[in-house]
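First up is the structure itself, then whatever we jot down about it.
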């Protein structure tokens, strides 16, 4: 079972856009990463995203490229308790993408692997693989390296 942790795409400032929709740069970077994952053969069964517009927009882009179902979920917002999703992930059998925000993603990573070992970046994808009851980092890809 694999878990993909993804920070949403770059978003407009709240002053510029109160809904904080993603920028053109954010859209382009996400398209680039999503296409790369598709060509690499990455399979995702479902993409869970927060209730925030920027996360929903980013999830839609990944979904289009990876043919994954998209579901809006609670407790993925920036200040949500990471233990809630750590438990949900432990119960999953499917390959899932969790699309959210900082600092929640960093704290969720710490719950799963024991440390905040990655500096998340907009549209970056971190792949974890479950081995029995533990998670191992397999790879991390960002728009900058593609």
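The values are calculated or read from the model by the stated rules, or taken from the named source; none is laboratory data. As the structure is a prediction and not an experimental result, all values here were calculated from the model. With ideal geometry, Cβ positions are generated from the backbone for all residues, glycine too; neighbour counts draw on all protein chains shown.
Quick notes on this structure:
- Whichever residue in the range 123-138 is over 11 Å from the mean Cα position of the chain (by Cα) and surrounded by 11 or more Cβ atoms within 10 Å (Cβ to Cβ) and, among such residues, is modelled with the lowest pLDDT: 134
- Subset tally (residues that are outside any loop (DSSP other than H, G, I, E, B) and surrounded by fewer than 22 Cβ atoms within 10 Å (Cβ to Cβ)) for the range 5-33: 6
- Filtered by the rule that a residue be more than 18 Å from residue 56 (Cβ to Cβ) and surrounded by 14 or more Cβ atoms within 10 Å (Cβ to Cβ), the range 91-102 gives 92, 95.
- In the range 60-146, counting only strands (runs of 3 or more DSSP E) that sit wholly within it, the ones holding 2 or more residues that are without any contact (Cβ under 8 Å) to a residue 60 or more places away in the chain and under 23 Å from residue 9 (Cβ atoms) span 69-72, 134-141.
- Subset of the range 37-59 [touching a residue at least 40 places away in the same chain (Cβ under 8 Å), in contact with a helix residue (DSSP H, G or I) (Cβ under 9 Å, 6 or more places away or on another chain), assigned to a helix (DSSP H, G or I) and farther than 10 Å from residue 123 by Cβ]: 37, 54, 57
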